[in-house]
Amino acid sequence: MAKYKKKRARELKHDRFRDTTMLLADRLAERVAGRGRQLLYGLVALVVIAAAVYGIIRWRHRHSEEAEQAMGRAITINGAEISQAPVPGSKDPVFSSQQERSQRAIEEFEKIAAKYGEPYHSEALYFIATNELVTDRAKGETDLQALSQGSGDTAILAKFALAQAKEADGNLDLAARLYGEIAKAGSAIVTPETANLRLASVYEKQGKKKEAADLLFNIADAARKAKDAEGKPVPESAAAREAAQTLLKVDPARHAQLTPPPSPAGLPF
C-alpha cells in the first residue's frame, strides 16, 4: 500500500509537470500564433499599400503621357502653316488665316486646361492667352496679366508676351517696366539678356539713345568677357550677338569700345 501511494504520488507529480508543460506550450503556441497573425496582417497591409502606390504611379504615368500627347497636338495646331490652299503631301493641319488657327488652338488648349493638372493646366492657359491676342486682344492682355502674377516659368512667359503686346500697342512705358522686371528675375526661360535686348529696343523707340546704347553695350561686353569654370570663354548667346550688331547701328563709337570677341577654339588670340 505504501509502495502504491509512492508510485501514485510520482504519477500525479508527473501529470502536474506534464500539465504545466503543456499549458506553457499551449500559451506559447497561442502567443506565436497571435504574432503570426499580426505578421500576416502586416504583410497583407504592405501588399495592399504597395499595390495602391503602384496603381497611382501607373495612373499618373498614363495621365502624364496622355496630357503630353494632347499638348503636342495642340502645339502642332498652334504653329500650323497658314495657306489658302492645302500643302501637297502634308499631314499637318493648314489654316486659311491666323484668326482661324488661333481659334482652333484655343479650343484644343481649353480641353487640356479643363482636364489636366499642373504643369499642363497653366501652360495651356498661357497658350490660350497668347492666341486671344489674335481673336480678342483685350481679353488676351487681361489673361496674360493674370498669369504674370503667378510664379515659375509660365508667369515669366506670360509677362514677356504681355510686354511685347504693350510694346506693339505703343504703351512703351509699361513695356519697359515689364521687360525690366523680367531681366531682374534672372529666369532661364526668358534670360536677362533677352529681356534687356527688348528693353533697349523700347528705349530706342522712346528716343533714349544713350540708355539703349548703354544697355546694348553691357549685354555684349559681359558676354564677351564671360568665362566658364575652367577659365575658358563662354560662347556668346544669340541675344548677345544681336546686341552687338544693334549697338553698331545705334552708336558705332560705343561699339568700338567693346571687348574684342573671343577667338575660336584652337586659334591664337
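Since every read-out is calculated from the coordinates, none of them should be taken as a lab result. The model shown is predicted, which means the values in this text are computed figures rather than measured ones. Every residue, glycine among them, receives a Cβ derived from its backbone with ideal geometry; neighbour counts consider all protein chains shown.
Fully extending the segment from residue 253 to residue 210 would add 14.3 nm, taking 0.36 nm per residue of separation and subtracting the current Cα-Cα distance. Over region 182-242, the alpha carbon radius of gyration divided by the compact-protein estimate 2.2 N^0.38 Å works out to 1.18. Straight-line cross-link partners of residue 111 among the aspartates and glutamates, defined as a Cα under 16 Å from its Cα and at least 8 positions apart when in the same chain: 65, 66, 68, 123, 132.
Seen through its C-alpha gyration tensor, with square-root eigenvalues sorted a ≥ b ≥ c, region 151-194 comes out prolate because a/c lies at 1.5 or above while a/b is bigger than b/c. Computed from label points 7 Å out along Cα-Cβ, the spacing between residue 137 and residue 85 is 3.2 nm. Could you tell me which of the pairs 166/205; 159/227; 159/225; 159/184; 208/249 are separated by over 21 angstrom between their Cα atoms in the structure shown? Check vs 21 Å cut-off fails for 159/227; 159/225.
Rounded to the nearest 20, the Cβ-based charge dipole of region 210-251 about its Cα centre (Lys and Arg +1, Asp and Glu -1) stands at 100 debye. Quick check on region 107-193: take the gyration tensor over C-alpha atoms, sort the square-rooted eigenvalues as a ≥ b ≥ c, and tell me if it's rounded (a/c under 1.5), prolate or oblate. Oblate is the answer for region 107-193, as a/c is 1.5 or above yet b/c matches or exceeds a/b.
Once you order the gyration tensor axes a ≥ b ≥ c over the Cα atoms, which shape class does region 90-154 get: rounded for a/c under 1.5, otherwise prolate or oblate by comparing a/b with b/c? The shape class here is oblate.
Packing order of peptides 150-162, 91-103, 131-143, highest average first: 150-162, 131-143, 91-103 (average count of other Cβ atoms within 10 Å over each peptide's residues). Looking at the P(r) of region 129-269, how many percent of alpha-carbon pairs lie beyond 22 Å? Result for the distance tail: 45 percent.
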